[in-house]
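Below is one structure, written out as C-alpha cells; comments come after it.
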Amino acid sequence: MGTRASLLITCLVDTLFPDVGRASVAVLERVGVTVDVPMEQTCCGQMHQNAGHPDDATRLMRRTIAAFADAEVVVSPSPSCAAQVVVHYPHLAERTGDAGLLREARDLAARTRDLSTYLVEDLGIEDVGAPAFKHTVTYHPTCHGLRMLGIADRPQRLLRHVPGIDLVDLPGATSCCGFGGTFAVTNADVSTAMMDDKLAAVASTGAEVLSAADSSCLMHMGGGLQHRRSAVRPLHYAEILAGVRDDDARREAPTLEVVR
C-alpha cells in the first residue's frame, strides 16, 4: 500500500455527519497520506441489500466499482459500508453470472479498508499525533467492524494514544446497539430494548463521550441519549483523533429521535 487513499465517504457522513469525513481526511493527511474523494460515488447499496433488493444493490455496486476503479486503496470511516464492499460485493457480483464483474468486485474488495485497519495495519501507525482530548470516553465496537471485518480493538488502540483521554471499558461492549439499518424500523420494539441495554451500560461507565466507528450506530444511540436528556455526547473516533474542541465534545449531534 502506498500513501494515497480514496475516501469512501458513505451516505450518512455525506448528508448528516460531514465532520466525520473532514476528520478522516485530517487524520490521514496528518500521517502523510494524500486523500482524494471521488465525486462519482453514491450509496454503496448496503441499505438496498438489507431491505431485500439485491438488483438495486448490484446497480449501486457497479457504480461504486467504476468510481474507485483507479484507487490504490479505498478507505472508509464506516466499517459497515466497508464490509458491504469487502464481504458482500463479491457475492452480489457472483449472482449476476458476470465473470468480469466478479473480478472487479473482488479487486475492489481487496483494496478496501476501514480507517482504523488502514492506519494500524497497513501504515503501522497507532499514534496519529492527536491533540489533547481531556474527557472520559467509552467505546462501542460496532457489529459489522467487529464481526465481518474483524477490526478488533484497532480504534481503541488509536484512541489510547490521544493525550489526556480517559478511555474506559464499556460493559457488554460486543452486544449490538440495536440499530441494524432497517431493523430499527421493522423491529422497533426489539431495537429500542437493545439500545436501552446499551445506554444503561454507557451510563454505568460515567463517560462524557460515547465513541464508535459507525455514524449510523452513533445516530441511533444519540437519539436515545437525547430522549433521556443525557449529557453524554456521541463522537466518531476519527473526530477525536482529528482534534475536536471542548464545545464540540458537548454538542448536540444530528440524531433521529427514538419513537416509542
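The values are calculated or read from the model by the stated rules, or taken from the named source; none is laboratory data. If you're wondering where the values come from, they're calculated on a predicted model, not measured in any experiment. Virtual Cβ from ideal backbone geometry, glycine too; neighbours counted across all protein chains shown.
Just one of the listed residues (113, 95) is of a type in the set (Lys, Arg), modelled with pLDDT of 95 or more and over 24 Å from residue 239 (Cβ atoms), namely 95.
Note on segment 22-87: enclosed helices (runs of 4 or more DSSP H) holding 3 or more residues that are without any contact (Cβ under 8 Å) to a residue 24 or more places away in the chain, under 17 Å from residue 101 (Cα atoms) and not assigned by TED's automatic domain parsing to the domain that holds residue 242 are 54-67.
Among the residues of segment 142-155, those identified as in a loop (DSSP other than H, G, I, E, B) and buried (at least 24 other Cβ atoms within 10 Å of the Cβ) are 142, 151.
I need the full set of residues from segment 101-116 which are farther than 24 Å from residue 157 by Cα and either within 19 Å of the chain's Cα centre (by Cα) or acidic (Asp, Glu) (or both), in order please. If you could, list the steps in order and put the result at the bottom.
Of the residues in segment 101-116, the ones farther than 24 Å from residue 157 by Cα are 101-109.
Selection gives 104, 107, 108, 109.
Among the residues that make up segment 172-184, is at least one of them touching a Pro at 6+ places or on another chain (Cβ under 8 Å) and aliphatic (A, V, I, L, M)? Yes, there is a match, as at least one residue in segment 172-184 is touching a Pro at 6+ places or on another chain (Cβ under 8 Å) and aliphatic (A, V, I, L, M).
Take the residues in segment 156-170 that are surrounded by 14 or more Cβ atoms within 10 Å (Cβ to Cβ) and not aliphatic (A, V, I, L, M); name whichever of them is nearest to residue 231 (Cα to Cα). Here the answer is 166.
Looking at 186, 192, 182, which is the one that is touching a helix residue (DSSP H, G or I) at 6+ places or on another chain (Cβ under 7 Å), at pLDDT below 95 and β-branched (Val, Ile, Thr)? Going through 186, 192, 182 in turn, just one is touching a helix residue (DSSP H, G or I) at 6+ places or on another chain (Cβ under 7 Å), at pLDDT below 95 and β-branched (Val, Ile, Thr): 182. Summed over segment 160-183, the residues that are of a type in the set (Gly, Ala, Ser) and touching a Cys at 6+ places or on another chain (Cβ under 8 Å) give a count of 1. Residue count for segment 88-131, restricted to those that are among the hydrophobic types (A, V, I, L, M, F, W, C) and not in a helix (DSSP H, G or I): 4. When residue 122 is tested against (1) crowded, with 19+ Cβ neighbours inside 10 Å; (2) touching a Lys or Arg at 6+ places or on another chain (Cβ under 9 Å); (3) within 24 Å of residue 41 (Cα to Cα), exactly one condition is not met: (1).
For a quick check of your reading of the model, give me the residue pairs whose first member lies in segment 127-151 and is of a type in the set (S, T, N, Q), whose second is part of a helix (DSSP H, G or I) and surrounded by 14 or more Cβ atoms within 10 Å (Cβ to Cβ), with beta-carbon atoms closer than 7 Å and at least 6 apart or on different chains. As it stands, the answer is 138/202; 138/205; 142/79; 142/80; 142/217, since those pairs meet every condition given.
If you go through segment 226-241 and keep only what is surrounded by fewer than 24 Cβ atoms within 10 Å (Cβ to Cβ), outside any loop (DSSP other than H, G, I, E, B) and in contact with a helix residue (DSSP H, G or I) (Cβ under 8 Å, 6 or more places away or on another chain), you end up with just 233.
Residues of segment 136-169 that are over 18 Å from the mean Cα position of the chain (by Cα) and either over 22 Å from residue 244 (Cα atoms) or of a type in the set (A, V, I, L, M, F, W, C) (or both): 162, 165, 167, 168. Summed over segment 230-251, residues that are among the acidic types (Asp, Glu) and modelled with pLDDT of 95 or more total 1. Checked against the criteria, residue 113 counts as crowded, with 23+ Cβ neighbours inside 10 Å and either assigned by TED's automatic domain parsing to the domain that holds residue 44 or touching a residue at least 60 places away in the same chain (Cβ under 8 Å) (or both).
Which one is farthest from residue 170 (Cα to Cα) among residues in segment 117-127 that are over 18 Å from the mean Cα position of the chain (by Cα) and of a type in the set (A, V, I, L, M, F, W, C)? The extreme case among them is 123.
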